[in-house]
1. Which one of these is among the aliphatic types (A, V, I, L, M), at pLDDT below 95 and out of contact with any His (no Cβ under 9 Å at 6 or more places or on another chain): Leu45, Leu106, Leu78, Leu49?
2. Residues in the stretch 17-32: is at least one crowded, with 21+ Cβ neighbours inside 10 Å, under 23 Å from Ser142 (Cβ atoms) and either more than 12 Å from the chain's Cα centre (by Cα) or among the basic types (Lys, Arg) (or both)?
3. Within the group Asn95, Asn140, which residue is surrounded by fewer than 21 Cβ atoms within 10 Å (Cβ to Cβ) and on the phi > 0 side of the Ramachandran plot?
4. Scan the stretch 94-148 residue by residue and report those that are more than 18 Å from Asp76 (Cα to Cα), in contact (Cβ under 8 Å) with a residue 24 or more places away in the chain and not hydrophobic (A, V, I, L, M, F, W, C).
5. With the requirement that a residue be out of contact with any Ser or Thr (no Cβ under 9 Å at 6 or more places or on another chain) and over 20 Å from Ala65 (Cβ atoms), what does the stretch 106-143 give you?
6. If the Cβ limit is 6 Å and pairs must be 6+ apart or interchain, which residue in the stretch 62-91 that is within 14 Å of Gly109 (Cβ to Cβ) pairs with which residue that is not aliphatic (A, V, I, L, M)?
Amino acid sequence: MDGLRELYQEVIIDHNRNPRNFHDMPNATCSANGFNPLCGDSIRLYLHLNNDVIEDVAFLGQGCAISTASASLMTDHLKGKTVEYAEQIFTLFHNMITKDDADAILKLGKLGVFAGVKEFPARVKCATLAWHTLDAALHNESESITTE
């Protein structure tokens, strides 16, 4: 188990130090802002949708390692997927982080690295910030979302 935990930590550290899809997106078809007042994490998430397909996804912002890694892994995972899939994976991710849902962990693949976050309740909001911001962008919510 220690080896697996170390691997998970390495993935999170890598995505924090070298976040994927970390850039502005002037041609975004929708976007949203998110803020975690507990930790100070902030994110601006951009989506370029073509019909119901997420052709491109990017983010900017600043945050702790878990928040940045979560946004990086999420954007990597969702590129090329449908909006319906994104909504389903949002629910799975949220269930994995907040409940004992072993099935969600299996279905999430690489995103399962965040399963251990539920052991640290203060960090759950860090891991879910990007996901709640994604949900806001998909539903064209104009107000910034907050984890409070």
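The values are calculated or read from the model by the stated rules, or taken from the named source; none is laboratory data. Everything quoted here is computed from the prediction, not taken from an experiment. No Cβ is skipped: glycine too gets one built from the backbone with ideal geometry, and neighbour counts run over all protein chains shown.
1. On the way: Leu45 fails: at pLDDT below 95; Leu78 fails: at pLDDT below 95; Leu49 fails: at pLDDT below 95.
Just a single option satisfies the conditions, and that option is Leu106.
2. Yes, the stretch 17-32 has at least one match.
3. Numbers: Asn95 fails: on the phi > 0 side of the Ramachandran plot.
Exactly one residue qualifies, and that residue is Asn140.
4. Answer for the stretch 94-148, where residues must be more than 18 Å from Asp76 (Cα to Cα), in contact (Cβ under 8 Å) with a residue 24 or more places away in the chain and not hydrophobic (A, V, I, L, M, F, W, C): Thr98, Gly116, Arg123, Lys125, Asn140, Glu141, Ser144, Thr146, Thr147, Glu148.
5. Passing the criteria: Leu106, Lys107, Gly109, Asp135, Leu138, His139, Asn140, Glu141, Ser142, Glu143.
6. Between residues of the stretch 62-91 that are within 14 Å of Gly109 (Cβ to Cβ) and residues that are not aliphatic (A, V, I, L, M), the close pairs are Leu73/His15; Asp76/Arg20.
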